[in-house]
Structure formats: C-alpha cells, structure tokens
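The values are calculated or read from the model by the stated rules, or taken from the named source; none is laboratory data. What you are looking at is a predicted structure, and each value in this text was computed from that prediction instead of being measured. In this analysis, Cβ positions are derived from the backbone assuming ideal geometry, glycine residues included, and neighbour counts consider all displayed protein chains. When the accessible area is computed, the model is the full protein with side chains, heavy atoms only, and any ligands, DNA or RNA have been set aside. Shrake-Rupley method; radii C 1.70, N 1.55, O 1.52, S 1.80 Å.
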Amino acid sequence: MKHIKLQTKMSLAAWGLFLLPFLTSAQCELFKSEISEVGTYSELVSINSDSLRNYSEIAGYADTFSLAKENARKARIFAGEAQAAAEEAVSLAGDSQYYAEVCGLDAVITNAIEAESRAIDARDFADVAMNNSKKATAARKLGDVQYYMRKALNAAREAHKSATAAVYAASDAHYSCTHDDASTPGQGR
C-alpha cells in the first residue's frame, strides 16, 4: 500500500514538472499583456502632457486675462486626461508585479519595478499639474493664472519625462520575458 501511495505521489510530481512550463508560459503571456498596457497608458500620459505643456505655456505667459483663462481651461482638460491615464498605468503596473515574480527572470522583475516606479512618478506629477490647472481656472487675476499655469507647466514637463521612462522600462520588461509557447515541451517549434 505504501508503494502505491509513493508511486502516486511521484506520478503527480512528474505531471507537475511536465505542466510547469505551460503554466509559466501562460503567466508570462499575462505579464506581457499587462506590461504592454502599462506602456500604452504611459504613452498616453506623455502625449497628453505635451498638449498640457503647450497650453500651460501660453496661459503662463499670456498678456491678457481672457487668453490666459481660455488656455488654462484647455490645459485643465489635458491635465485630466494625463492624470486618468497615469492612474491606469500605475494600477496595471501594480498588477503586473505578480506576473513578473512568477516569470522569475531578474531582468523582468527589475524592469517591471522600474516601470511601476516611473509610472508612479508620472502620476504624481500629473496630479500636481491637475491641481494647479484647477487653481488657474478658478483664479480671478491674470498674475494668479500665470503663476499656477507655470507650476502646471513644470509638473507637465516632469510627468512627460517620467512617463517616457515608464514606456521604455515597460518595453524592456516585456522583451526581457523570454518564456513563450515555443519553449514548452511537445510543441515541436
């Protein structure tokens, strides 16, 4: 009876070892999907930050109140878009950390952590830009609008830098995960 139990345990262990590559491959595909979306949303942060910078600069150096307010309003729209994309990038980057650990490759883990860190920085700067854009649209003096929009401009520049770094880190993490279906036994590729 002990012999049969031992044989059953060994058989289950063998099956586990046989299925491990399939499970790792599936986890890596999930990781690649998640980290690609981190890159996509970080790219949206970068694009919206560019537009935000343009309108913030016009508003920050405008010579009339009406021109400053109109561009501050437009800047606020792009600040909101950048902020929403940054929140999504951070959320997805956090989710991808689990799959990076399952993948187990040091380069994947390191680059996934870097992508999350840069996405968090981009989100924080996007928050600052949004808060200053809100203050600028509520301001009643040209000098106040200019002041808040210049602060938003600086935050937008930093959000752009961080988001671009997050895109590169996400891409590096994606391509560092070398587990794929071709490495699983029985595929014949």
Seminar exercise, completed: Screening SER11, SER36 for residues that are under 30 Å from ARG118 (Cβ atoms), at pLDDT below 95, open to solvent by 30 Å² or more (accessible area, probe 1.4 Å) and in a helix (DSSP H, G or I) leaves only SER36
Problem set entry | Filtered residues of segment 148-165 (kept if without any contact (Cβ under 8 Å) to a residue 40 or more places away in the chain and either open to solvent by 10 Å² or more (accessible area, probe 1.4 Å) or β-branched (Val, Ile, Thr) (or both)) | LYS151, ASN154, GLU158, LYS161
For this session: Would you please name the residue that is farthest from ALA152 (Cα to Cα), looking only at residues in segment 56-66 that are part of a helix (DSSP H, G or I) and touching a Leu at 6+ places or on another chain (Cβ under 9 Å)?
Result: PHE65
Seminar exercise, completed: In segment 67-118, anything touching a helix residue (DSSP H, G or I) at 6+ places or on another chain (Cβ under 7 Å) and of a type in the set (Ser, Thr, Tyr) is listed as SER96, TYR99
Exercise. Taking into account only those residues within segment 166-188 that are farther than 18 Å from ASP106 by Cβ and open to solvent by less than 40 Å² (accessible area, probe 1.4 Å), which is modelled with the lowest pLDDT?
Worked result: THR184
For this session: Within segment 81-103, track down each residue that is farther than 16 Å from HIS160 by Cβ, crowded, with 19+ Cβ neighbours inside 10 Å and over 9 Å from the mean Cα position of the chain (by Cα).
Result: SER96, TYR99, ALA100, CYS103
Exercise. With (1) modelled with pLDDT of 95 or more; (2) surrounded by fewer than 23 Cβ atoms within 10 Å (Cβ to Cβ) as the list, and ALA75 as the residue in question, which single condition is left unmet?
Worked result: (2)
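Per-residue answers, yes or no, for (1) touching a His at 6+ places or on another chain (Cβ under 9 Å); (2) in contact (Cβ under 8 Å) with a residue 40 or more places away in the chain:
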position: SER42; (1), (2): no, yes
position: VAL45; (1), (2): yes, yes
position: SER49; (1), (2): yes, yes
position: SER56; (1), (2): no, yes
position: GLY60; (1), (2): no, yes
position: ARG73; (1), (2): no, yes
position: ARG76; (1), (2): no, yes
position: GLU81; (1), (2): no, no
position: ALA84; (1), (2): no, no
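Could you tell me whether ASP121 is of a type in the set (Asp, Glu), within 11 Å of the chain's Cα centre (by Cα) and surrounded by 17 or more Cβ atoms within 10 Å (Cβ to Cβ)? Talk me through it step by step, then tell me what you get.
On the way: of a type in the set (Asp, Glu): yes; within 11 Å of the chain's Cα centre (by Cα): yes; surrounded by 17 or more Cβ atoms within 10 Å (Cβ to Cβ): yes.
Criteria met by ASP121.
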Seminar exercise, completed: Out of (1) in contact with a Phe, Trp or Tyr (Cβ under 7 Å, 6 or more places away or on another chain); (2) open to solvent by less than 60 Å² (accessible area, probe 1.4 Å), the one ILE109 does not meet is (1)
